[in-house]
Each structure stands twice: as C-alpha cells, then as structure tokens.
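Participant: Shown below is the structure under consideration.
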Ligand code: GAR
C-alpha cells in the first residue's frame with residue numbers, strides 16, 4: 001500500500017472519505033499521517049479518532065515563510081510518503097517543500113481549473129455567473145492551482161445557490177473523485193508528460 005500524508009487546514013470531509021477507503025487493502029493507499037497548518041482544524045480529530053498520526057506546523061511558529069515550509073517538509077518526510085494529498089490545505093507550498101516532494105503532490109480544488117483558482121473557487125464561480133462548475137484533482141507545481149490536471153467532475157449551479165450550498169454539492173462529488181484518483185495513482189502508478197498525467 002502506498003503511504004499517503006494528507007495536509008489539511010479545515011473540516012476534513014475529503015480526509016474523512018480517504019480514511020473511510022484506506023482500511024481496505026485493495027484500495028492500495030494508506031493515510032499514514034495528517035498534517036495541519038493550524039491546531040484548530042477539525043480534520044485533526046477525524047484522524048486521531050481512527051488512530052492516524054497527526055502533526056501541526058503553524059506558520060506563526062516560524063520566522064518566515066521559507067522556514068515554515070522547510071519545517072513542513074521535514075515533518076512530512078518523517079512519514080516517508082509516496083504521495084502527499086492536499087485536502088482543503090489553504091496555504092501555498094514553497095520551494096523547499098516542492099523540491100522534496102514535487103511530482104508527488106496531489107491537490108483537490110472546488111472549481112473546474114483553470115477557472116477560479118485560489119482560496120475562493122466556489123465564491124468566485126458564483127460571482128462570475130457560470131452555470132456549470134465542479135472540482136479538479138491535479139498535481140501541484142510552483143503556481144497556484146496550475147499543475148497538470150488528473151481528473152475533473154462537473155456540478156451544475158442551481159438558481160438561488162449560495163456559496164455554502166453549492167460548495168456542499170461540489171464536496172459530495174469532490175470526495176468521491178479524490179478517493180478514486182488517489183487509489184488509482186497509488187495502485188497503477190502514473191507518468192507526467194507535459195500537462196498530461198497518464199495513469200497506469
Ligand atoms: C474542499 O472543497 C477543497 O477543494 C477546498 O477546501 C475544501 C475543504 O473541505 N480547497 C481549496 O479551496 C484549496 N484552494 P474539507 O476540509 O471538508 O475536505
């Protein structure tokens with residue numbers, strides 16, 4: 001089973017879906033640790049409840065961004081992951097982290113990239129007035145939500161949608177997609193050719 005470290009900042013519903021899947025050896029991936037940038041993330045309790053190791057590496061505890069990023073890389077490295085999954089991780093990773101784990105970092109984003117990157121993908125899609133949005137699982141590069149796309153699913157915007165309601169419908173689709181993609185990447189392996197990710 002491929003070792004997976006999940007980085008979180010918030011609720012952890014995507015994490016919970018991974019934790020529900022990883023007990024089956026046939027899934028091919030196992031969450032070995034969950035690391036948060038904030039001690040307040042409810043996701044941490046979800047990991048602890050099933051005996052998965054947790055750590056907090058908070059930017060406020062470090063003199064600058066690079067020092068935080070390097071500490072995050074050292075913390076993740078202890079768990080020796082094949083894949084690092086960003087599941088609601090709301091910080092940008094820097095050079096030290098990318099140098100160590102580049103090519104093996106998977107992010108999930110609540111919009112159809114390259115539309116609406118950044119911290120407010122759902123709000124920005126609603127404000128623009130798109131009728132279809134969705135979610136994207138992609139590999140992480142040095143840009144913000146710019147790395148090669150692995151998979152996407154569409155979600156319709158309904159009349160009267162607000163950010164919270166639309167985000168919940170996206171998250172229902174997103175966690176299925178993330179669980180599917182992480183399992184396939186782990187079981188089948190993958191190759192990156194320019195912007196194309198080939199699984200298997
Ligand atoms: C998810 O929708 C994820 O795509 C999004 O935060 C949510 C986390 O939910 N991430 C981003 O917006 C990253 N830019 P969760 O904590 O319940 O899994």
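Participant: Within the range 149-195, count every residue that is part of a helix (DSSP H, G or I), without any contact (Cβ under 8 Å) to a residue 60 or more places away in the chain and within 12 Å of the ligand (Cβ to nearest atom).
Facilitator: The total comes to 8.
Participant: Can you run down the residue pairs with Cβ atoms below 8 Å, 6 or more apart or on separate chains, where the first is in the range 79-90 and within 11 Å of residue 107 (Cβ to Cβ) and the partner is modelled with pLDDT of 95 or more and away from the ligand (no atom under 16 Å from the Cβ)?
Facilitator: 84/76; 84/101; 84/104
Participant: Can you tell me which residue in the range 128-161 is surrounded by the most Cβ atoms within 10 Å (Cβ to Cβ), limited to those that are closer than 20 Å to residue 105 by Cα and in contact with a helix residue (DSSP H, G or I) (Cβ under 7 Å, 6 or more places away or on another chain)? Give the derivation first.
Facilitator: Taking the range 128-161 and keeping what is closer than 20 Å to residue 105 by Cα, we get 135-153.
If we keep only those that are in contact with a helix residue (DSSP H, G or I) (Cβ under 7 Å, 6 or more places away or on another chain) as well, we get 135, 137, 142, 150-151, 153.
Values: 135: 27, 137: 23, 142: 12, 150: 24, 151: 17, 153: 15.
Result: 135.
Participant: Name every residue in the range 59-101 that is within 14 Å of the chain's Cα centre (by Cα) and part of a loop (DSSP other than H, G, I, E, B), in order of residue number.
Facilitator: 87, 88, 89, 90, 91, 92, 93
Participant: Those residues that are part of a loop (DSSP other than H, G, I, E, B) and either within 16 Å of the ligand (Cβ to nearest atom) or over 19 Å from the mean Cα position of the chain (by Cα) (or both), I need them from the range 48-58; list them, please.
Facilitator: From the range 48-58, those part of a loop (DSSP other than H, G, I, E, B) are 50-52, 57-58; that's our starting set.
Within the range 48-58, 50, 51, 52 qualify.
Participant: Need the failing condition index for residue 125 against (1) assigned to a helix (DSSP H, G or I); (2) crowded, with 19+ Cβ neighbours inside 10 Å; (3) more than 13 Å from the ligand (Cβ to nearest atom), just the number.
Facilitator: (3)
Participant: Restrict the check to the range 92-110 and report whether at least one residue is surrounded by fewer than 19 Cβ atoms within 10 Å (Cβ to Cβ) and within 12 Å of the ligand (Cβ to nearest atom).
Facilitator: yes
Participant: Scanning the range 2-47 for residues that are part of a helix (DSSP H, G or I) and more than 23 Å from residue 167 (Cα to Cα), which turns out nearest to the ligand (Cβ to nearest atom)?
Facilitator: Filtering the range 2-47 down to residues part of a helix (DSSP H, G or I) leaves 13-21, 25-27, 43-47.
Those still in the list that are more than 23 Å from residue 167 (Cα to Cα) too: 25-27.
Numbers: 25: 24, 26: 24, 27: 18 Å.
If we take residues in the range 2-47 being part of a helix (DSSP H, G or I) and more than 23 Å from residue 167 (Cα to Cα), then 27 is nearest to the ligand (Cβ to nearest atom).
The values are calculated or read from the model by the stated rules, or taken from the named source; none is laboratory data. What you are looking at is a predicted structure, and each value in this text was computed from that prediction instead of being measured. FYI the Cβ positions are ideal-geometry reconstructions off the backbone, even for glycines, and counts take in every protein chain you see.
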